[in-house]
Each structure stands twice: as structure tokens, then as C-alpha cells.
Amino acid sequence: MVETIFLGGRVFTGTADAPIEAAVAVGDGRVLRVGDQESVRAMAAEGTEVVDLAGGLLMAGFQDAHVHPAFGGGQMLRCDLSAEHDVEGYLAAISAYAAAHPDAAWIHGGGWSMDVFPGGTPARRLLDTVVPDRPALLTNRDGHGAWANTLALHLAGLDRDTPDPVDGRIEREPDGTPQGTLHEGAMTLVSRHVPVADAEEAYAGLLAGQSHLFSMGVTGWQDAMVGALPGRPDIYETYLRAAQEGTLLARVVGALWWDRERGLEQIPELVERRRNGRSGRFAATTVKIMQDGVAENFTAAMLEPYLDACGCATANSGISFVEPGLLRQAVGELDRLGFQIHFHALGDRAVREALDALAAARAANGGNDHRHHLAHLQVVHPADIPRFAQVGAAANIQPLWAAHEPQMDELTIPFLGAERAVRQYPFGDLLRAGARLVAGSDWSVSSPNPLWGVHVAVNRTAPEGEPGAPFLPEQALTLAQALTAYTAGSAWINHLEDVTGTVEAGKYADLVVLDRDPFAGPPEAIGTTRVVRTYVEGRLVFQD
């Protein structure tokens, strides 16, 4: 039976570079027909809903290839700072949360932005002004740093004699006392003391995250962090529960976390988790290896050292979290066992180490269809651009970051230097060199709005405020290329291209209705486009 008909707009099927004049009929969870208005309208029966697109665009639901919905949803339920962007706003939000939760043992949450604070490093004493009586730990928006108050540092035993961990750094006051900002592995020195969300809190966070993504038109994703980390719940069981209870409506691939403090001995555990990690619309078939940090705190792994504020080379070239020799061994064995590997590779050295490991695996194991991918790709050496296609690695891009903003202009470019700064987010070069592009948001690091990401991919300017000068415009994508990366590309990375990612008869009716046709307007208006309806298998899961 035809349950829904979409008329009165154009359709971006994903099989061509431009929308077509068409209508779409949906029934039994599938697209039944993409055709002319008259023939589709003739399929209507009693009870068929007719949706007037009102000049908008119908397209396949977005799929996010790198996202953290359970964490993002959980943050929305805790002390969420993501809606603010100045010190006063942060302090007011923290104070209000603390007052509303007088029985909370810790004030925990996050979402602050580094560019708000001098040097990207908020101080403990500032946090003490609003939370003097309870320990507080708030992660920044990218998840690679945290802001602790004095009591939290004291309870964790951190003082001037505490050494930096090998995978992180403690910001310090002149006498060596911890200043309040903790980078990378240093976060765990405090976060391991924070009560971990229980099963019900984790479940509520996942469902809140799913609802938020549906409101953005996202119908499927790859969760890039499924495992036990200090201060965070292991959401493996959370996903299985949601899948078994039927509350997980999106299609999700889970990337099982590679514990960088362990070695090859963890592989049998990953195999067992994969074996038991399939239920409903969830499948834990991927392993996530976080190879480096981020450029803003100088932990992204670079081939050459960072510069200091005066433009001189330092002794720091970032951190490779997994030793390259061990990385090659691990990737080779995971590849042999049939896992897809999802790398966090942000700096040019991390990108090269990941590609080297994949090349070694290919030489040892032969070609396959595992669809390994490297995420973030902020700085890529030109010599490594063609290697993506050569080793069969997809480029998992987070396009929203490829724009001039304070974090880029004040905390990144000066410390990379002119030569490396022009190698950032080379989407166009990767595509021209034959790499397959897939797209994601890394929410809660940044907004999960795919249309904002698409806007930046096309314009290389921020989607809000005055556009300013485009950031390396030669790396821009066309609108069709950007939308395809966020739909068919991400469907492919999740091995779902046979059933999702395009609007074609026989595929699942995972669809999104936009309030306008972005192909028909100026490129600089793409970011103002809104999602008005989202469907999963023909079921309406969001309506504006």
C-alpha cells in the first residue's frame, strides 16, 4: 500500500549531480516509485498521506560518519555549555546548573570553546568563583581538554609534583601548581574520580542524542567511541538495549574503542564484542583507533614541530598515541580478522602513520572491502593525498571546521606556520586524487547540523555571522559533492549503500524534507536551510 506521497518540490536522488522534477511514493518502509507527479499521484489510495513539499527539496536522510550521540545527548542532560560562547555565559550556566542540582556530588558536563579563553586554557580559580564547594570537571567542545576547579584537582591528588602523563599535559601556574586546564590523557587523572553515568542515564542520553540528530535530518550514523573510557559509560550495552527494545530507530554502526594503554592482547575481546554486538539496527563491526590529539593544544601529531608565539620552532611535534610499530601490527591483525578501522588522524604525521599501517596490511592480507577510513584530516602532507586511493582508505571529513574562526585564526594557524596552514582540510585535493569522501560532524565537538557542514564545504566560510574571506577556497566542494558525502558516502562507509543513501525505488524510505531547495538559491544561503521533516523507513520521526 502507498502510505505517503511527496509532491510539490524537487528530489535530490543522489544518483545525479542536480535535483530532478519528480514525486515520490513510499510504502512498507520503502521507496516505491520516483516518477512524474501525475503517475505518482495516481498511486494514492484511501488513507495515503500527501505531503506538499511547498517548493522544498526531498532527499535521502543524512548519515553522520563520525559522531558521539550518547555523549552529546548526555551532555544536553548535564551541565551543557554548548549554547554559550563567552566567559559570562559559561559562568552563568554553570552557576545555574549547580543551583538546580544541589545534591550532585560533582558538577560535570562540558561544551566550552577554547577560543573564549586566553591561550585556550581556562583557570581553576575562575571556576571556583561559581563552584567553590564541590568538585567540577567540564570538558571542552572537542573532548580533548577539560576545565577543573581547585577542589577537583585536590581530590584527584594533583599538585606541583604531579608529572604529566605520557599522553597528555597539565597546564601549570608559574610555581608548577596545576592551573585548571588538562589536555588529553591528563584529563583522566581527574575524570576517573567522576561518578560514571549509570545505565539509565546512559540510555536517556542516547535517546536524547537520537532525537536531536533526527531534528537535523540525520537518519543513521557511525558512533566513533563505543567502549569504556575514564569518566564515561560504555555505551555498548546501551545500544544493544535500545536496539532490542525497539527505541533505536536509526541505523548505527558502532566503532569499538581501541585502548591505547594496551596492546594486541585486547583483540580477542574486540572479536567477542563484535560477535555479540549485532541487534536490530545496531552493529558493532568497526574498531576506532585514536592516533593523535588536536592542533589547538599541540597534541595533533605533526611531521615537523609546532611553532611558538614568536614563530620559532619548538621541541614539540605532538603525540602519536599508538606507537607506529604497534599500530602496523594492530591494523594488520584487525584487517585480517575482517574489522573496519576508523582512525582519528588529525595531524600530518598521524595521517601518514595510519596510511603506512593500511599499506602494510594490504601488502600482508591482500585487498578487501572493509572500507577503512581516516577522520578529521586537518593537515595532510601533499605526498599523502594520492595514497588514500592507493590503499583504499576513505576520507572521513568534518567540513564545519574548514573556515576562518577564532579557534583557527588565533589558536591554530600561528602555531602551524604558513606552509602547513595551507594544507588544512584538503577536501578538493582528496576528491580529485580519487579518494572517496564521507562526512560527519563529530558532535558534540561541533554542531551536528549537516547543512552547516555542507555550507562550509561549499563556501569555506562559517555558516553564521559575516562570511569573511573563504578559507582555502580551492578546496571547496560542489553542493552535490558535499550532499553526496553526507548521504551516499556515509551509507557506503557503513556498508548500507544497497538499502540507503539515495532516493531510489526499493531502498528504505529514510528521507528528509528541506524547507527550500538549496540548489535553487545562492551558495552563501545554504546554511539557512532547515529540516522540516525526517523519516526512517517511512515513519515520521521529526516534524518542525
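FYI, it's all coordinate maths here, none of it is from the lab. All of these numbers come straight from a predicted model, not from anything done at the bench. Because the Cβ atoms are built from the backbone with ideal geometry, glycine has one as well, and the counts that use them run over all protein chains shown.
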- Message: Taking a ≥ b ≥ c as the square roots of the Cα gyration tensor eigenvalues, with a/c under 1.5 meaning rounded and otherwise prolate when a/b beats b/c, else oblate, which class fits region 106-191?
- Response: rounded
- Message: With the crude spin-label approximation of a point 7 Å out along Cα→Cβ, what separation in nm comes out for Glu524 versus Ala389?
- Response: 3.4
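Cβ neighbours within 10 Å, averaged per peptide: list 237-243, 173-179 in order, most packed at the top.
237-243, 173-179
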- Note on the structure: Plugging the Cβ-Cβ distance of Cys310 and Asp159 into 1/(1 + (r/R0)^6) at R0 = 30 Å yields, to the nearest 0.05, a FRET efficiency of 0.45
- Task: On a C-alpha basis, how far is the centre of region 335-395 from the centre of region 76-138 in Å? Whole number, if you could?
- Result: 38
- Return the distance in nm (one decimal) between the two label points of a simple spin-label model at Val87 and Ala363, each offset 7 Å from Cα along Cα→Cβ. 5.3
- Note on the structure: Neighbours of Gly277 by Cβ distance under 14 Å: Lys/Arg at +1, Asp/Glu at -1, summed charge +2
- Task: Quick one: net charge around Trp401, please, counting Lys, Arg +1 and Asp, Glu -1 for every other residue with C-beta under 10 Å from its C-beta.
- Result: -3
- Which of the peptides 16-26, 482-492 is most tightly packed, and how do the rest follow, judged by the mean count of other Cβ atoms within 10 Å per residue? 482-492, 16-26
- Task: Calculate the length of the line joining the C-alpha centroid of region 207-273 to that of region 475-544, in whole Å.
- Result: 23
- Packing-ranked peptide list from 180-189, 44-53, 292-301, highest mean Cβ count within 10 angstrom first, is 292-301, 180-189, 44-53
- Could you give the nm distance between label points at Glu323 and Glu272, where each point is 7 Å from its Cα heading toward the beta carbon? 2.6
- For region 199-493, what D do you get in µm² per second when you plug the Kirkwood radius from alpha-carbon pairs into Stokes-Einstein at 37 °C and 0.692 mPa s? 168
- About its Cα centre, region 485-544 carries a charge dipole, from +1 on Lys and Arg Cβ atoms and -1 on Asp and Glu Cβ atoms, whose size in debye to the nearest 20 is 160
- Item | Between 0 and 90°, nearest 10: helix 324-336 axis offset from the chain longest Cα axis | 30
- Message: If I stretch the segment between Arg262 and Arg539 completely, what's the gain in nm (0.36 nm per residue apart, minus their alpha carbon distance), one decimal?
- Response: 95.4 nm
- Message: Angle check, please: helix 267-276 long axis (alpha carbons) against the longest principal axis of the chain (alpha carbons), in degrees 0 to 90, nearest 10.
- Response: 40
- Message: For the chain, report the % of Cα-Cα distances exceeding 29 Å.
- Response: 52
- Working out 0.36 nm times the residue gap between Arg134 and Asp52, then minus their Cα-Cα distance, what length gain in nm do you get to one decimal? 24.2 nm
